[in-house]
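Heads up: the structure comes next, in structure tokens.
Throughout, read-outs are computed from the coordinates displayed, never taken from laboratory work. Since this is a predicted model, take the numbers as computed values, not measurements. Every residue, glycine among them, receives a Cβ derived from its backbone with ideal geometry; neighbour counts consider all protein chains shown.
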Amino acid sequence: MFNKGMDLYAQLDIPPKDRNTAIPQEEAEYLYRFLIKHGLSRTMETGFGYGNSTAHIIAATRSMHVAIDPYQEYYRKGGVRNMRKLGFDTYLRWINEPSQTALPEIYVHGATFDFAFLDGGHRYDEIFIDWFYTDLLLEEGGFIVFHDLWLRSMRMVTSFIRTNRKDYRAVRTPFPTMAAFRKVGTDRRDVNHFRNFCPGR
């Protein structure tokens, strides 16, 4: 099993101008260690880009991974090419459509996951839709990790989870840009349940 995240990162073809937009190396390596530590193997993510997070997820699990991203043409299919270069393409199921249509379709077909990494659309409604369907797809005991917490829109969604979802427990991460939660039960809220939330929480 691959165990040198630095070597893996160095093999990815990412244009210098986009190095700052891709998930940083140390955060990708954290995902790799996180997956191995918790023994996770049924994984998905929204956002794909040049495939840095994807590569580290697949390296950790050596299992089929779902990546949802309709913008590979913008990246000149950099993510797809990097997975092929690394020999990871056989583990990749790339869904070339927006997450708001891909996730409901996955749900209808009965798939479940034990790990999800959300790094797709960055507007509040996009993030909340990704979270809503990922919650339905995530098995009890599974984990969800949000990226780009510097965005107020992302913090709004994680604040909602902390405030309104007792079936999720926050998991500490070493990066202020990431928030992680573990699904520890089932959603038993009353139909009228709602608690105010704000991104400061």
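For this structure, a couple of remarks:
- On Cα atoms only, tilt of 152-164 relative to the major axis of the chain in degrees: 50 degrees
- For the chain: rounded, prolate or oblate by the Cα gyration tensor [a/c cutoff 1.5]: prolate
- The residues Lys17, Lys85, Lys183, when put in order of fewest to most other Cβ atoms within 10 Å, stand as Lys17, Lys85, Lys183.
- Formal net charge of residues neighbouring Tyr75 (Cβ-Cβ distance under 15 Å; K, R +1; D, E -1): +1
- Residue among Asp69, Asp114, Asp18 with the largest mean-square fluctuation in a Gaussian network model of the chain, springs linking Cα atoms under 10 Å: Asp18
- Residue exposure sequence - Thr173, Thr158, Thr21, Thr112 - by fewest surrounding Cβ within 10 Å: Thr21, Thr112, Thr173, Thr158
- Net charge over other residues, Cβ less than 12 angstrom from the Cβ of Glu140 (K, R count +1; D, E count -1): -2
- Fraction of beta bridges assigned by DSSP in the chain that are antiparallel (%, nearest 5): 35 percent
- Crossing angle, helix 124-137 versus the chain [Cα axis fit, 0-90 degrees, rounded to tens]: 90 degrees
- Considering only Trp150, Trp94, Trp131, the mean-square fluctuation computed in a Gaussian network model of the chain, springs between alpha carbons under 10 angstrom, is largest for Trp150.
- Neighbour-count order for Thr43, Thr177, fewest beta carbons within 10 angstrom listed first: Thr177, Thr43
- Unit charges at the beta carbon, dipole of region 71-138: most positive-side option, Tyr107, Met83, Phe117: Met83
- Net charge contributed by nearby residues that have their C-beta within less than 15 Å of Lys37 (K/R +1, D/E -1): +1
- Calculated FRET efficiency for the pair Met64/Arg123, C-beta based, R₀ 30 Å, to 0.05: 0.55
- Rounded to 10°, Cα long-axis angle of helix 99-108 versus longest principal axis of the chain: 70 degrees
- When the Cα gyration tensor is reduced to axis lengths a ≥ b ≥ c, the ratio a/c is 1.5 or higher for region 49-123, and with a/b not above b/c it is classed as oblate.
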